[in-house]
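Inspection log for the structure reproduced underneath, given as structure tokens.
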Amino acid sequence: MRVVLAEDLFLLRDGLVRMLEAYDFEIAAAVESGPELTRALAELAPDVAVVDVRLPPSHTDEGLQCALQARRERPGLPVLVLSQHVEQLYARELLADGAGGVGYLLKDRVMNADQFIDAVRRVAAGGTAMDPEVIAKLLNARPAKDPLERLTPREREVLELMAQGRSNAYIGQKLFLSESAVGKHTASIFGKLDLPPSDDDNRRVLAVLAHLRTETS
């Protein structure tokens, strides 16, 4: 699996390269600036891009903007964003096109290699990997009246885990529920949010996240 990595801090970039290579990823390019990232994504067509939000020369949102432009040119390009902070605008923009393969991780909350590698693989496969803090902020920064107010506390818990890309089996284990009970909660969530249910977990999660994005715009 070929990865384009964008991180401006040398030690972190080198560490990520070594970690990915240890798990049999091929590093197509490891770059440190926005222009380099733009060229790498256009020329190398990686299986997944792992991108720091803030890159030179602007040190604002250049990394994300390069990734978003690449997704416009190559719809569905899997992108895993790394950031120090929860930026609602960034998360909404990333989810705006509704295409698969998106993730948003907070650097200081990635606790081990397995967690990070699982996120990269999930995004590369067309799934989602959203940090719970990002999801919580999207859920909480909504208008006072919207369909999310219809959800019960348990449905909110299920929704947050769905938005991380988790399967019904995983959600059941996490919340000490049977898989059939999770299925009922999921069906109820879709009904309350006016979203059609789907057997495709990735499309299901993306639909929910797209809905959250719309509600927090």
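Tell me, yes or no, whether region 81-91 has at least one residue that is modelled with pLDDT under 90 and either of a type in the set (Lys, Arg) or over 16 Å from the mean Cα position of the chain (by Cα) (or both).
Scanning region 81-91, I find no residue that is modelled with pLDDT under 90 and either of a type in the set (Lys, Arg) or over 16 Å from the mean Cα position of the chain (by Cα) (or both), so the answer is no.
For region 45-61, which positions are open to solvent by less than 60 Å² (accessible area, probe 1.4 Å) and in contact with a strand residue (DSSP E or B) (Cβ under 9 Å, 6 or more places away or on another chain)?
Ala45, Pro46, Val48, Ala49, Val50, Val51, Asp52, Val53, Leu55
Of these, Leu89, Leu77, Leu94, which one is more than 17 Å from Leu16 (Cβ to Cβ) and open to solvent by 50 Å² or more (accessible area, probe 1.4 Å)?
Details: Leu77 fails: open to solvent by 50 Å² or more (accessible area, probe 1.4 Å); Leu94 fails: open to solvent by 50 Å² or more (accessible area, probe 1.4 Å).
Within the list Leu89, Leu77, Leu94, the selection yields Leu89.
Is one or more of the residues making up region 131-138 open to solvent by 30 Å² or more (accessible area, probe 1.4 Å) and at pLDDT 85 or above?
No, because not a single residue in region 131-138 is open to solvent by 30 Å² or more (accessible area, probe 1.4 Å) and at pLDDT 85 or above.
May I ask you to list pairs of residues, at least six apart or on different chains, whose Cβ atoms are under 7 Å apart, with the first in region 59-79 being over 10 Å from Leu37 (Cβ atoms) and among the small types (Gly, Ala, Ser) and the second being assigned to a loop (DSSP other than H, G, I, E, B) and at pLDDT below 85?
Gly76/Ala99; Gly76/Gly100
If you check Val4 against the conditions, is it more than 21 Å from Asp114 (Cβ to Cβ) and buried (at least 18 other Cβ atoms within 10 Å of the Cβ)? Let's see the steps before the verdict.
Details: more than 21 Å from Asp114 (Cβ to Cβ): yes; buried (at least 18 other Cβ atoms within 10 Å of the Cβ): yes.
In short, yes.
Take the residues in region 15-36 that are under 16 Å from Phe116 (Cβ atoms) and touching a strand residue (DSSP E or B) at 6+ places or on another chain (Cβ under 8 Å); name whichever of them is surrounded by the fewest Cβ atoms within 10 Å (Cβ to Cβ).
Glu21
Scan region 151-194 for residues that are among the aromatic types (Phe, Trp, Tyr) and open to solvent by 50 Å² or more (accessible area, probe 1.4 Å) and jot them down.
Tyr170, Phe176
Exactly one condition in (1) over 23 Å from Glu133 (Cβ atoms); (2) surrounded by fewer than 22 Cβ atoms within 10 Å (Cβ to Cβ) is false for Ile117; which is it?
(1)
Is one or more of the residues making up region 116-128 in a helix (DSSP H, G or I), at pLDDT below 90 and within 13 Å of the chain's Cα centre (by Cα)?
no
Please go through (1) part of a helix (DSSP H, G or I); (2) modelled with pLDDT of 90 or more; (3) in contact with a Phe, Trp or Tyr (Cβ under 9 Å, 6 or more places away or on another chain) for Gly172 and return the number of the only condition it doesn't satisfy.
Answer for Gly172: the failing condition is (3).
Looking at (1) closer than 20 Å to Glu160 by Cβ; (2) aliphatic (A, V, I, L, M); (3) open to solvent by 10 Å² or more (accessible area, probe 1.4 Å), which is the one condition that is false for Ala42?
(1)
The values are calculated or read from the model by the stated rules, or taken from the named source; none is laboratory data. This is a predicted model, so every value here is computed, not measured. Neighbour counts run over all protein chains shown; Cβ positions are idealised from the backbone, glycine included. SASA here: full protein model, heavy atoms, side chains in, ligands and nucleic acids out. Shrake-Rupley method; radii C 1.70, N 1.55, O 1.52, S 1.80 Å.
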